[in-house]
1. Might you report the magnitude of the Cβ-based charge dipole of region 418-542 about its Cα centre, with Lys and Arg at +1 and Asp and Glu at -1, to the nearest 20 debye?
2. Which ³J(HN,Hα) values, rounded to whole Hz and listed in residue order, are derived for region 322-338 from phi using the Karplus coefficients 6.51, -1.76 and 1.60 in 6.51 cos²θ - 1.76 cosθ + 1.60 with θ = phi - 60°, glycine and proline given as x?
3. Among T456, T51, rank each residue by its count of other Cβ atoms within 10 Å, from fewest to most, as a rough exposure measure.
4. For an R0 of 60 angstrom, estimate the FRET efficiency from the Cβ-Cβ distance between Q418 and F32 and round to the nearest 0.05.
5. Each residue of region 169-177 in turn: what ³J(HN,Hα) in whole Hz from Karplus with 6.51, -1.76, 1.60 and θ = phi - 60°, glycine and Pro shown as x?
6. When a/c reaches 1.5 or more, the comparison of a/b and b/c decides; with that in mind, is region 418-542 rounded, prolate or oblate per its Cα gyration tensor?
7. I want to make sure I understand the PRE zone here: with the label point 7 angstrom from the Cα of A56 toward its beta carbon, which residues in region 69-107 have backbone N atoms less than 19 Å away?
8. For Y80 and D317 in the same chain, what is the full-extension length gain: residue separation times 0.36 nm, less their Cα-Cα distance, in nm?
Amino acid sequence: MAARWWAVPAQALFSIQPERLIRLCRLFFSVFALLAVYLDPTQPARNVQETYAVLAAFILYSAVLAVVPSHEALSSRIHYLTHSIDVAVLALLCLLSGELASPFWAFVGFLLIASAMRWGFLGSLASAFMMIALFVVIGWPYYDPSTSDLNTLIMRSAYSLVAAVMLGYFASYRERNRLRLANLADWPIEAAANEGEPWLEGSLRHASDVLSGLRLLVVWHDCDEPKGRLAYWDGESCAFFEVPGDGDERRTFPPHARFYDGPLSDIVDLPEIALQHLRFDRVHIAPDRPACAIAPFETPNYRGQVFVIDPGHPNDDMLSLTEIVAGRIAYELEQFALMQELASAAGWRERGRLARDLHDSVLQDLTAVGLQLKIASQQRPEQMQASILAIGTLLQEQQRRIRSFVESTRPQPETEPQLLEEQLDAFSRPLRAQWGCALRIDVSPGGIRVSGRILTAICQIVSEGTANAVRHGGASVVDIAVRASGGGLGLSITDDGSGMVDVKPEDESRPQSIRARVADLGGRVALRTSSRGLAIQIWLPL
């Protein structure tokens with residue numbers, strides 16, 4: 001609850017534009033300076049009226065700046081003018097009210113902080129030297145050394161330098177964090193290759209750049225394998241090793257990033273070749289600094305740890321950056337695993353498609369060759385010539401189809417859509433002789449053009465449907481009807497055979513090859529079988 005209470009004003013303050021905050025603070029300071037002088041006038045008394053006038057003008061100037069919206073960046077050159085006016089007003093007020101003893105020297109802190117917010121370390125340091133020069137000009141004992149305030153001059157100068165250095169540190173700290181976040185946002189997105197090394201090497205190089213060139217070590221285990229992998233970035237190149245299993249691949253790591261001081265072999269089981277290559281494992285880097293920062297990660301497929309070698313003096317930022325790097329490495333390892341699974345699934349899908357193509361064409365044609373050979377064996381020698389010629393024709397057609405399969409595996413330029421009716425007529429001629437049946441084609445309306453992918457699928461479906469009609473139903477006539485409707489094609493295959501007696505109307509898996517091919521194209525299949533023949537209704541989207 002306390003954290004939430006403090007977070008509300010912090011968030012409200014952070015939402016204010018930095019330059020607007022500077023302007024509001026200038027107005028606040030000038031108003032209270034006038035109130036202070038009114039309640040307790042400054043010395044010498046002869047300058048009080050002039051002090052009132054300067055403060056009144058400064059309040060008016062600050063109020064105008066506070067009301068007018070600021071659209072300039074913090075580093076804009078227009079702020080040089082406002083900063084110079086602030087310095088001039090401070091010098092004038094100090095001259096009117098006691099010089100080095102003036103209460104208005106408190107305004108120096110505001111000037112230094114504003115400089116650090118606008119221009120970083122160099123801006124605050126430049127403002128500090130301006131203040132020192134102002135102290136010397138105003139407070140140096142030119143006429144009466146006995147009235148010297150040299151101790152005040154030295155202390156105010158030292159205060160300005162110390163404040164400028166410390167404010168510059170925080171400004172540099174903020175700028176470094178901004179650059180690191182920008183580098184993290186620019187994390188490279190590269191395709192994973194076969195062992196993962198190229199993309200992981202690029203990620204480690206980028207992570208090392210974010211961490212100011214530090215060395216990195218990543219150790220991870222596949223959750224399904226006992227052995228693991230190790231990647232070490234030495235600042236110039238990446239080395240990869242296999243590491244043995246730890247005997248309990250599912251054990252959990254400490255949930256948060258941490259610093260570790262000691263040899264890595266005490267917490268990671270490294271192979272001897274890796275120890276020889278890493279070298280730093282047995283060397284204590286520095287007596288006052290941790291040896292590494294460690295952040296664990298765990299995904300559905302991998303678990304491991306990221307080690308940042310010699311991270312410098314302990315600080316929360318280094319642990320946070322190490323956790324971010326570990327999360328990114330875990331994401332890329334998981335992405336690599338998913339890409340491998342997708343590649344494997346794509347390979348199996350392609351093998352299935354090729355198997356269907358072979359089943360719907362080559363296998364069916366070889367079955368027809370077997371039938372022709374059986375017919376030829378029952379004929380007299382002088383009557384075998386026609387059957388042998390038919391078998392030769394079928395084998396030639398088979399060679400053409402196999403050659404077509406081989407060519408289809410190679411990259412092909414995109415072809416123009418082809419006339420469906422013309423291609424189906426050409427495709428049906430060898431089918432009629434092959435299966436010894438009448439094959440009637442009806443395409444409506446005429447002139448339908450389809451892509452090569454759709455045409456190939458329709459031809460394979462027609463080949464499989466004709467083979468099923470003759471082999472399973474003993475059909476002598478097969479009718480192929482194609483109708484264009486509703487942004488797609490309706491394909492109907494009917495025959496006069498006895499149907500497929502082993503297929504029930506509610507069976508949604510048969511015929512498997514046709515259903516799988518239509519599903520790949522996003523279409524639908526309906527089957528009706530009876531003693532009067534088989535009817536297959538197919539809809540394919542264009």
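1. So the magnitude is around 100 debye.
2. With the stated coefficients, region 322-338 comes to 5, 5, 5, 4, 4, x, 5, 4, 4, 4, 6, 5, 5, 4, 4, 5, 5 Hz.
3. Ranked by crowding around the Cβ, least crowded first: T456, T51.
4. 0.10
5. 4, 5, 5, 5, 4, 5, 5, 5, 5
6. Judged from the Cα gyration tensor, region 418-542 comes out oblate (a/c at least 1.5, b/c at or above a/b).
7. 89-90, 92-94, 96-97
8. 82.0 nm
The numbers here are math on the coordinates, done by the rules we state, and not lab data. What you see is a predicted model; the values in this text were computed from it and never measured. Cβ atoms come from the backbone with ideal geometry, glycine included; neighbour counts cover every protein chain shown.
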